[in-house]
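Since the structure comes first, as structure tokens, the remarks are kept for the end.
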Amino acid sequence: MKKKKIPLYAKILIGMGLGLVWGIAATPFGLAEFTHDWIRPFGTIFINALKLIAVPLIIVSLIDGVSNLSDVSKLSRIGGKTIALYISTTVIAITIGLVLVNLIQPGKLLSQEKQDYLRENFAADLDTSITAAHSTKDTGPLQPLVDIVPENFFGAAADNTNMLQVIFFAILFGIAMILANKEKIQPVKNFFDGANAVILSIVDIIMKYAPIGVFALLASLNIDLELMAALGTYSLNVVLGLALMVFLIYPSLLKIFTKLKYTTFVKGILPAQILGFSTSSSAATLPITMDCAEKNLGISEEVSSFVLPLGATINMDGTSIHQGVSAVFIAQAFGIDLTLSQQLTILMTAVLASIGAAAVPGAGIIMLIIVLEAVGLDPAGLALILAVDRPLDMLRTSVNVTGDSAVAAIVASSEGELMKVIPEPNQS
Ligand code: ASP
């Protein structure tokens, strides 16, 4: 009898389940040190491998994708749709967060004692976050635009937090290839075609290791159930917002704009969602998101290689919901009632904050400081929610990845480039 092969996503799910159980049990069973010394490094190796491939992947696949576009007008059409969809979904996400937190009012449930306790306990963590946010903030209004154009290519590519600069260079390179003399650039084109195939094959190799990597990451999380329970209502509020996005907004958008069944969509991108959850980083997940979009949803490389790297960097629906809920929650916990115009300020700054947030663990909470300061709230209020940020970060990153993929599917469908070839599910 032929042995049935367990698909990769099932192996990753098993790794995730075992990792969570280990993460909860490690401390009570006295295994915390063992986990830290002997299990955690395997998770770090996995994340390093993903980060390692991120910059080469963006450069090669974006140059390849853009240069394959027949003309610059197609690029600006796809670009326009992508940005419009990214901004719309972000605004919808923050609005959902704001409406929910105003209805549920989780902040009003916190006792004064609990607030004091949390504030004292996380003050040290907070100082670092506040310094980091200020270094982002102390610049002119056009600084984000200036930051997109790198002054040195290698400087930009040497640092995984400068993805937007790398994207800028790759798009410029791709456009130049469309405009240049076809014959002359043919060798360059062949090179990028080949390099793209090599990089995708590296991604496949890394993915084979994913079940172990995911297990190790979750096992070393040190999950503190008591604290999670204390901030349960707030967390549930965020989770409810995220769930609305995943179970209502994305299915509706896909239904309106594509012929793709939502179950097919979710099944296709499940490995990317799980990786987003385990790594808390959309950037680290990007190689897999692209792999799933192309192989499992049949999104053309042309679309996925443009829409997804950009989305991982600027489109964060999960982070947006979290920003809306958290800002109002902190105000409630301090006994401050925010006016409608203050809530609108939250909406606007949260759009910018989610665009500006790096696609790495904990970036959302750093950018939250800017939102809090915009409505005159003491950023020290962050201390209240730092304790539960990691699990929420895992969930929101998973939603961020889902949002990018949904937009990629919609853009691809509008270009007639979705499910062109009915793909084999990715089982490698
Ligand atoms: N970790 C998130 C991401 O990579 C960003 C955040 O902290 O919200 O998408």
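Data overview
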{"read-out": "Solvent accessible area, Å² - residue 240, 1.4 Å probe, full protein context", "value": "80 Å²"}
{"read-out": "Filter on 11/261; 189/267; 182/261; 74/184 - keep pairs with C-alpha separation over 28 Å", "value": "189/267; 182/261"}
{"read-out": "Mean Cβ count within 10 Å, highest first, over the residues of peptides 406-418, 42-54", "value": "406-418, 42-54"}
{"read-out": "Solvent-accessible heavy-atom area per residue, rounded to whole Å², over the chain at 1.4 Å", "value": "45 Å²"}
{"read-out": "Unit charges at the beta carbon, dipole of region 278-428: most positive-side option, 329, 303, 353", "value": "329"}
{"read-out": "Computed magnitude of the charge dipole of region 322-419 (debye, nearest 20; Cβ of K, R +1, Cβ of D, E -1)", "value": "160 debye"}
{"read-out": "Electrostatic dipole magnitude of the chain [Cβ: Lys, Arg +1; Asp, Glu -1; Cα centre; debye, to 20]", "value": "1640 debye"}
{"read-out": "Distance histogram for region 273-324 (every C-alpha pair counted, 10 angstrom bins, percent rounded to whole numbers)", "value": "25, 52, 21, 2"}
{"read-out": "Under the Debye formula (equal points on every Cα, no solvent term), log10 I(q)/I(0) of the chain at q = 0.10 Å⁻¹", "value": "-0.69"}
{"read-out": "Surrounding net charge for residue 201, when Lys and Arg each add one and Asp and Glu each subtract one, Cβ distance under 14 Å", "value": "-2"}
{"read-out": "The chain - percent of accessible surface contributed by carbon and sulfur, probe 1.4 Å", "value": "67 percent"}
{"read-out": "In order through region 352-361: 3J(HN,Hα) via Karplus (6.51 cos²θ - 1.76 cosθ + 1.60), integer Hz, x for Gly, Pro", "value": "5, 5, 6, 5, x, 5, 6, 7, 10, x"}
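The values are calculated or read from the model by the stated rules, or taken from the named source; none is laboratory data. These numbers were taken from a predicted model, which means no experiment stands behind them. Methodologically, a virtual Cβ is constructed for each residue, glycine included, from the backbone with ideal geometry; neighbour enumeration extends over all protein chains shown. Ligands, DNA and RNA are stripped out before the accessible areas are found, and what is left, the full protein with its side chains, is counted by its heavy atoms. Shrake-Rupley method; radii C 1.70, N 1.55, O 1.52, S 1.80 Å.
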